[in-house]
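Reading through the C-alpha cells given below for one structure.
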Amino acid sequence: MPAIYAHYVFGNSLIDTLSEDSKRVVSNHRSAFDLGVQGPDFLFFKDFGGDEKSVKFGGKIHDTPCKETLKIFKEVYEKDKSEMQLAYILGFLAHFTLDTIAHEYINKVVREDGIDHHELETEFDRFMMLVDDRDPLSVKVEYLIKTEHETRKEIAKLYLPYEVMNEKELKKAMKDFYGVKKGIRFLQARAYPVLKGLMMAVNMWEKNYGIVMRKDRNVSLSPYVEE
C-alpha cells in the first residue's frame with residue numbers, strides 16, 4: 001500500500017473524473033474523502049500501533065476483496081444517507097484502486113530483493129513530493145488526514161457492522177492516525193534518535209522503522225521508486 005502522500009495525490013487526480021454530483025459531495029466533505037483515500041490504514045495507528053485488535057482489523061479489511069467491503073459500506077450508507085459516508089466511500093475506492101495497481105510491483109520487490117515494504121513506500125512518497133517541488137521533511141502530511149469529530153462519527157458507522165470495534169474505538173483510531181503522523185513528521189526532521197527511541201519503547205521500531213522518512217534519501221531505493 002503506497003503511503004499517505006502518494007494516495008492523496010492519486011485520489012486528488014481522480015476528482016475531475018467524477019460526476020458533478022460526486023464532485024459536489026467531495027467538495028462539501030473533503031476531509032472525509034481524503035481519509036477515505038487512505039482506506040482502512042487509520043486502523044494500524046490506534047494507540048501508536050499498539051492496539052492489536054485494531055491492527056488485525058485493518059489487516060482483515062485490506063485482505064478482503066474491495067467489493068465485499070463496499071457491499072457492507074453500501075448497506076450503511078443506504079440506511080443513513082450520509083454524504084460524509086459517501087465522500088469517504090469514494091475516497092476508499094481510490095485507495096484500493098491504487099493499491100491494486102501498486103501492490104503487485106511492491107510485493108515482487110519485497111519478495112525478490114528483500115526491500116522493506118514501508119521503507120519503499122516512504123521513499124516513493126519522498127519522490128512524489130520532490131516531483132511536486134516540495135521539501136519532503138516539511139510536508140505536513142497529517143493535514144491530509146485531519147478530520148473533525150462529526151466526520152469521524154459518520155465514518156465509524158461504516159465499520160460497525162463488522163462488530164470488531166465500537167464507535168469510540170474507531171474514532172480514536174482516526175484521531176491517533178493524525179496524531180502519530182504529526183508526531184513522526186515533527187520528530188523525524190528534528191530529533192531522529194528520540195523518535196527511534198520512542199518507537200523502540202512501544203515495540204514499534206522493528207516492524208515499522210520504514211514509515212520514518214530520514215533526512216537523506218535512500219539512494220539504493222531510487223531505481224525502484226523512479227521507474
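Points to keep in mind about this one:
- For the stretch 109-132, the count of residues that are modelled with pLDDT of 95 or more and outside any helix (DSSP H, G or I) is nonzero.
- Per the listing Lys171, Lys157, the residue uniquely in contact with an Asp or Glu (Cβ under 7 Å, 6 or more places away or on another chain), surrounded by 15 or more Cβ atoms within 10 Å (Cβ to Cβ) and either under 20 Å from Leu35 (Cα atoms) or of a type in the set (Lys, Arg) (or both) is Lys157.
- Arg185 vs. criteria loosely packed, with under 14 Cβ neighbours inside 10 Å and basic (Lys, Arg): no
- Residue under evaluation Ile89, criteria (1) surrounded by fewer than 21 Cβ atoms within 10 Å (Cβ to Cβ); (2) touching a residue at least 60 places away in the same chain (Cβ under 8 Å), criterion not met: (1)
- Test: residue in the stretch 104-126 that is of a type in the set (Ser, Thr, Tyr), touching a residue at least 12 places away in the same chain (Cβ under 8 Å), surrounded by 16 or more Cβ atoms within 10 Å (Cβ to Cβ) and under 30 Å from Lys79 (Cβ atoms): no
- Some residue of the stretch 71-86 being part of a helix (DSSP H, G or I), surrounded by 15 or more Cβ atoms within 10 Å (Cβ to Cβ) and under 15 Å from the mean Cα position of the chain (by Cα): no
- Residue check, Leu14 within 20 Å of Leu144 (Cα to Cα), at pLDDT 95 or above and either β-branched (Val, Ile, Thr) or surrounded by fewer than 22 Cβ atoms within 10 Å (Cβ to Cβ) (or both): yes
- Filter pass, Ile106 being in a loop (DSSP other than H, G, I, E, B) and modelled with pLDDT under 95: no
- Within the stretch 137-154, being of a type in the set (D, E, K, R), under 16 Å from the mean Cα position of the chain (by Cα) and either at pLDDT below 95 or buried (at least 17 other Cβ atoms within 10 Å of the Cβ) (or both) holds for Glu142, Lys146, Arg152.
- In the stretch 159-185, the residues that are closer than 15 Å to Phe44 by Cα reach residues that are at pLDDT below 95 and part of a loop (DSSP other than H, G, I, E, B) with C-beta atoms within less than 7 angstrom, at least six apart or across chains, in these pairs: Ile184/Val212.
The values are calculated or read from the model by the stated rules, or taken from the named source; none is laboratory data. Here the structure is a predicted model, which is why all the values come from computation and not from measurement. Cβ atoms come from the backbone with ideal geometry, glycine included; neighbour counts cover every protein chain shown.
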